[in-house]
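Nothing in this text is a laboratory measurement; each read-out follows from the coordinates by a stated rule. All values derive from a computational prediction rather than experimental measurement. Reconstructed Cβ throughout: ideal geometry from the backbone, glycine too, with neighbour counts over all protein chains shown.
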Amino acid sequence: MANLRWGIIGPGRIAPRLVRALSESRRGELVAVASRNAERAEAFASEHAIGRSFDSYDALLRDPDVDVVYVALPNHLHAQWTVRALEAGKHVLCEKPLALSVPEVDEIIAASRRTGRTAVEGFMYLHHPQTIQALELARSGALGRLELVIGTFSFLLTQPNDPRIDPQMGGGSLWDVGCYPVSLARTIAREEPESVNAFARFDERGSTVPLSVSFGFRMVCSHSSTVGSRRLIASGWRSWAATPYWSLTRRSCLSRTARAHQLSRGAGAIRLPSKFPASTNTSPRSRTSCRSSWTAASRG
């Protein structure tokens with residue numbers, strides 16, 4: 001099977017993580033990068049040994065040697081450039097959130113079906129060994145009937161002009177970090193909520209700062225928040241499981257010196273590992289899971 005040739009639209013702070021991932025991929029190679037600033041594109045290409053750089057996003061989309069596009073732009077541009085990439089005949093991995101409204105999601109779905117190309121939202125945590133183990137535990141019956149899922153994800157953001165808190169650019173705590181516990185609650189419940197209640201505080205620009213959301217699923221109650229430490233708690237009638245959120249650092253996921261913590265069962269609790277050794281991250285099961293989203297993606 002031929003390698004998928006990747007191009008990056010938007011060489012910002014998140015893009016180097018894809019560069020590292022593709023350097024270890026057996027099926028993908030990074031061949032191009034595009035920015036609206038030619039010097040920035042050239043500098044990124046030079047730093048990461050990328051063959052071609054472009055000073056416009058459209059120029060990269062016209063490149064016949066690019067099969068897949070990674071959209072790493074600010075949130076408000078995700079849907080627009082995902083659709084344009086699909087219409088250019090490219091598969092798309094779009095950084096989360098995929099879109100900012102239901103109509104935008106519908107437009108992406110329609111473009112994917114119309115062009116026969118795959119579009120995937122970049123929720124990498126779904127393929128992390130810690131998440132896989134948490135889902136297996138929740139679905140195994142070890143906790144009993146699942147009744148409550150609590151997820152929190154937050155960090156201190158001190159830059160006042162950061163796009164992640166600019167409402168005109170799709171900023172706010174829900175889009176930036178709140179989407180993770182919301183996604184995880186829906187993934188664990190394996191259904192959509194029947195009711196949603198939310199509380200938020202807005203800053204002077206109208207951006208959500210702290211956010212708390214409660215979901216009522218048919219069988220499970222869930223609470224997701226952008227206030228508090230990063231953790232997941234899943235509780236059943238028999239036991240409960242708690243884990244800190246996965247780390248985004250390559251060291252935590254791939255370090256050959258990191259040791260997996262043993263599962264401990266005490267006072268009815270099951271605590272999941274916070275770090276995994278390289279052998280866990282690169283097991284056949286993990287590799288298969290990480291590539292599963294791209295089984296439909298092909299050149300041509």
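What list of ³J(HN,Hα) values in whole Hz, one per residue of the stretch 190-195 in order, does the Karplus curve 6.51 cos²θ - 1.76 cosθ + 1.60 (θ = phi - 60°) give from phi, with Gly and Pro shown as x?
The phi angles translate into 6, 6, 8, x, 8, 8 Hz.
Go ahead and run the numbers for FRET between F202 and E29, Cβ-Cβ distance against an R0 of 41 Å, rounding to 0.05.
0.40
Cα centroid distance between the stretch 26-72 and the stretch 138-185, in Å?
Each part's Cα centre sits 30 Å from the other's.
So if each residue of separation counts as 0.36 nm, and I subtract the Cα-Cα distance between E87 and E192, what length gain in nm does that give?
Stretched fully, the E87-E192 segment lengthens by 34.8 nm.
Note down the net charge around E192, summing +1 for each Lys or Arg and -1 for each Asp or Glu among other residues with Cβ under 10 Å from its Cβ.
With Lys, Arg at +1 and Asp, Glu at -1, the neighbours total +1.
How big, on average over all directions, is the shadow cast by the Cα convex hull of the stretch 55-94, in nm²?
Mean projected area for the stretch 55-94: 2.6 nm², to one decimal.
After finding the eigenvalues of the alpha carbon gyration tensor for the stretch 4-122, what semi-axes result from the square roots of 5 times each, listed largest first in whole Å?
Value: 22, 15, 13 Å, ordered largest first.
Would you compute the Debye intensity of the stretch 58-192 from its alpha-carbon atoms alone, equal scatterers and no solvent, and pass along log10 I(q)/I(0) at q = 0.14, 0.15 Å⁻¹ to two decimals?
Computed log10 I(q)/I(0) values: -0.77, -0.85.
Given H placed 1.01 Å from N in the peptide plane, which residues other than close sequence neighbours of L148 have an amide H under 5 Å from its amide H?
Here the answer is C221, S235, since their amide H atoms fall under 5 Å of that of L148.
Give the calculated FRET efficiency between E47 and L157 to the nearest 0.05, with a Förster radius of 22 Å applied to their Cβ-Cβ distance.
My answer for the efficiency is 0.30.
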